[in-house]
Amino acid sequence: MAIIFDLDGTLINSFEVHSELIKKATDRILGKDTLPLKFIYNNIRFPSKKMLGIASDKYNLKLSNKQMEDIIKLKDAMFTKNYVKQIKFYPGSLQLIRFIKNKKIAFCIATSMNSEELSKVKPYLKLGSLAKIVNSPALKYEKPNPYIINMALKLLNADKKRTFYVGDAETDYAASVNAGVTFIGVNNPKLKKLGYKYFSDIKSLSSFIKRNYLVFL
């Protein structure tokens, strides 16, 4: 058995940081106060380009493909150490990872973060010492594309029929379906009816795995 974890919104709370950066990048590219921060935050679980497409239609922005890509690039460029320091693990995340490692359950992290973002977050959160990580090399590989899950399966040499993917977004669920692995939802009530099980937070998932960890061996 194996467990693959999403990172943003699943193990770490980074939504506020990413929402603020997309707001700043959009205002700078368009030259005006355009998108409400609340809208961005409520839709931040979508891949950035999809979220900007939804925003373009909702607020009649008529964003071009190039503008959306420029916003994303600027957002990534502003993702400095000052912003990284605002990102924290959700309560229970580190304890869960350490428990899984101690019980020798095969696991890794699969994130849609690009290499630039990951290179800043990884040392700050000491992710390299916690888990093996795969990430998305380009926007076209973002979820619901199963690319990072498939890469994680190869990394773990895991049987997809015996693998669980833990995520917080509907695109995580879709990616798990496309990859043929079993989905476990956390931190997002919209996922209650999707996948194998749903947990309101990582602490609840941690308690479940600690009680049932033999299932994952």
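Here, each number is a calculation from the coordinates, and none is a lab measurement. Remember, predicted model here, so these are calculated numbers, not experimental data. Cβ sites come from the backbone with ideal geometry, for glycine too, and all protein chains shown count toward neighbours.
Listing for the model above:
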read-out	value
Lone unmet requirement of (1) part of a helix (DSSP H, G or I); (2) more than 15 Å from the chain's Cα centre (by Cα) for residue 41	(2)
Evaluation of residue 43 against (1) in contact (Cβ under 8 Å) with a residue 40 or more places away in the chain; (2) under 18 Å from residue 167 (Cβ atoms) (one fails), failing number	(1)
Filtered residue count, segment 9-28, keeping only those that are without any contact (Cβ under 8 Å) to a residue 60 or more places away in the chain and surrounded by fewer than 17 Cβ atoms within 10 Å (Cβ to Cβ)	3
Candidate set from segment 29-54 (those that are of a type outside the set (A, V, I, L, M, F, W, C) and closer than 21 Å to residue 84 by Cβ); member that is surrounded by the most Cβ atoms within 10 Å (Cβ to Cβ)	48
Sole exception among (1) of a type outside the set (A, V, I, L, M); (2) without any contact (Cβ under 8 Å) to a residue 24 or more places away in the chain; (3) more than 22 Å from residue 143 (Cα to Cα); (4) part of a helix (DSSP H, G or I) for residue 83, by number	(2)
Test set (1) of a type outside the set (Ser, Thr, Tyr); (2) outside any helix (DSSP H, G or I); (3) surrounded by 20 or more Cβ atoms within 10 Å (Cβ to Cβ); (4) in contact with a Ser or Thr (Cβ under 6 Å, 6 or more places away or on another chain) - residue 148 fails condition number	(2)
Test: residue in segment 150-160 that is under 29 Å from residue 72 (Cα atoms) and in contact with a helix residue (DSSP H, G or I) (Cβ under 7 Å, 6 or more places away or on another chain)	yes
Residue list for segment 160-193, restricted to those being buried (at least 18 other Cβ atoms within 10 Å of the Cβ), assigned to a loop (DSSP other than H, G, I, E, B) and not polar (S, T, N, Q)	168, 169, 181
Test result for residue 198, in contact (Cβ under 8 Å) with a residue 12 or more places away in the chain, out of contact with any Ser or Thr (no Cβ under 7 Å at 6 or more places or on another chain) and either small (Gly, Ala, Ser) or not in a helix (DSSP H, G or I) (or both)	yes
Selection within segment 79-108 - more than 25 Å from residue 203 (Cα to Cα) and either touching a strand residue (DSSP E or B) at 6+ places or on another chain (Cβ under 9 Å) or surrounded by fewer than 16 Cβ atoms within 10 Å (Cβ to Cβ) (or both)	80, 81, 82
Residues of segment 139-171 satisfying the condition of being touching a Phe, Trp or Tyr at 6+ places or on another chain (Cβ under 7 Å) and closer than 17 Å to residue 50 by Cα	141, 171
Residues located in segment 55-78, provided they are more than 14 Å from residue 21 (Cβ to Cβ) and surrounded by fewer than 19 Cβ atoms within 10 Å (Cβ to Cβ)	56, 57, 58, 59, 60, 61, 62, 64, 65, 66, 67, 69
Qualifying position, being surrounded by 18 or more Cβ atoms within 10 Å (Cβ to Cβ) and more than 23 Å from residue 68 (Cα to Cα), among 132, 122	122
